[in-house]
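Asker: Here it is, the structure in full.
The values are calculated or read from the model by the stated rules, or taken from the named source; none is laboratory data. Everything quoted here is computed from the prediction, not taken from an experiment. Using ideal geometry, Cβ is built from the backbone for each residue, glycine included, and neighbour counts are taken over all protein chains shown.
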């Protein structure tokens, strides 16, 4: 699995040597020169594509001709790769000065470990606020020599290196040119190590001028921002937010307080999966009139409770809807993200997950409030399908004589 920095936001910056203008910014001319030098250095291994700067801080790899599926784009002999574990590659980068290192970013402020205390403080109300110092501390602990630039180069390696051995996650490689590809959830390239070469090919037809995309794997935006320095757009199904849920007083009679407090942290996914199914499952137990407190789950981890009835699920939806609205309102008030675009981009993903479920639950309450099955069937067809409606609501609505 490849790793890379925010190649959508900051790939245009150079390496250890750079040129700045009167305002202190790296010149676009210099960036182009570094890109050109890198491509000239590896020209014999590059086919039908090139690195292109397409914004003040953005660059990527683009097709220079119409390319068919399964076409070779890049074939680099393995001796040109920088191979090692994170620490070895970090130390290596700190000692190099060549066409490759001069093409690397010189500014990593899009990575949260380099955010100012003020920027981190604006995340009050987000789980990311505590994740940032934890990530920074973990990286710094790897350097027994306490080198001043270690965090910078370690972040560079962690965000760019390819894992070249599936059996050994510590066998990584920095691959000149190939690590300029940006990420997409719908990539059009794939790579492998074959015949002592790093080989990159297209996985679908690509038109001239179109960007070539890699995949860094399925990631939440917590992972994307912490490890790669960018936020993925349209990532709802993979995304997640971590929140505190307050158990309503009316449902606390079924809670075993040996295992739970009146409020607890839970994981809410954009899709009906993982933590989302766990919180729904727990609420089904708590909303069950005949529940026995002694049977209260000890943990949410892996909890799966089947749908009990229309009335029970309706209660679950109402409780979660009110809870998620309260979380949303609390988050909006506490997160002062509008003043900083980096923070705003991330926080927007947490807000999107909450809004998705608020909208979904409002629809579910409307549908399940119908006491007559015929009316419920008619109403469910007026809502756009999603995985919760398909897995739960439609099954209840179509339950025949069991609809009650």
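Asker: So residue 338 clears everything in (1) exposed (fewer than 15 other Cβ atoms within 10 Å of the Cβ); (2) under 18 Å from residue 242 (Cβ atoms); (3) modelled with pLDDT under 90 except one condition, right? Which one?
Answerer: Condition not satisfied by residue 338: (2).
Asker: Then there is this: Got a sec? Which of 308, 279, 351 is farther than 30 Å from residue 402 by Cα and either under 21 Å from the mean Cα position of the chain (by Cα) or surrounded by 13 or more Cβ atoms within 10 Å (Cβ to Cβ) (or both)?
Answerer: Working: 308 fails: farther than 30 Å from residue 402 by Cα; 279 fails: farther than 30 Å from residue 402 by Cα.
Matching residue, one of 308, 279, 351: 351.
Asker: Just need a number here: residues in the stretch 157-197 that are touching a residue at least 60 places away in the same chain (Cβ under 8 Å) and surrounded by 12 or more Cβ atoms within 10 Å (Cβ to Cβ).
Answerer: Of the stretch 157-197, the ones touching a residue at least 60 places away in the same chain (Cβ under 8 Å) are 157-164, 170-183, 189, 191, 193, 196-197.
Next cut, surrounded by 12 or more Cβ atoms within 10 Å (Cβ to Cβ) only: 157-164, 171-183, 189, 191, 193, 197.
Here the count works out to 25.
Asker: Would you say residue 83 is in contact with a strand residue (DSSP E or B) (Cβ under 9 Å, 6 or more places away or on another chain), at pLDDT below 60 and closer than 29 Å to residue 113 by Cβ?
Answerer: In short, no.
Asker: So which of 295, 265, 246 ends up being more than 28 Å from residue 385 (Cβ to Cβ) and within 24 Å of the chain's Cα centre (by Cα)?
Answerer: After ruling out the rest, the residue left standing is 265.
Asker: Looking for something assigned to a helix (DSSP H, G or I) and more than 30 Å from residue 261 (Cα to Cα) - is there at least one such residue anywhere in the stretch 317-328?
Answerer: no
Asker: Tell me whether the stretch 245-252 contains one or more residues that are touching a strand residue (DSSP E or B) at 6+ places or on another chain (Cβ under 8 Å), closer than 21 Å to residue 329 by Cβ and surrounded by fewer than 19 Cβ atoms within 10 Å (Cβ to Cβ).
Answerer: Checked the stretch 245-252: at least one residue is touching a strand residue (DSSP E or B) at 6+ places or on another chain (Cβ under 8 Å), closer than 21 Å to residue 329 by Cβ and surrounded by fewer than 19 Cβ atoms within 10 Å (Cβ to Cβ).
Asker: Let me ask another. Tell me the residue from 359, 382 that is surrounded by fewer than 16 Cβ atoms within 10 Å (Cβ to Cβ), free of Cβ contacts under 8 Å to residues at least 60 places away in the same chain and in a helix (DSSP H, G or I), please.
Answerer: Matching residue, one of 359, 382: 359.
Asker: Then there's this: Please determine, by comparing only the residues of the stretch 385-398 that are closer than 11 Å to residue 310 by Cβ and touching a helix residue (DSSP H, G or I) at 6+ places or on another chain (Cβ under 8 Å), which one is surrounded by the fewest Cβ atoms within 10 Å (Cβ to Cβ).
Answerer: Filtering first and then ranking leaves 392.
Asker: Further, regarding this structure: Looking only at the stretch 80-97, filter to residues that are without any contact (Cβ under 8 Å) to a residue 24 or more places away in the chain and more than 29 Å from the chain's Cα centre (by Cα); which one of those is nearest to residue 205 (Cα to Cα)?
Answerer: The residue in question is 96.
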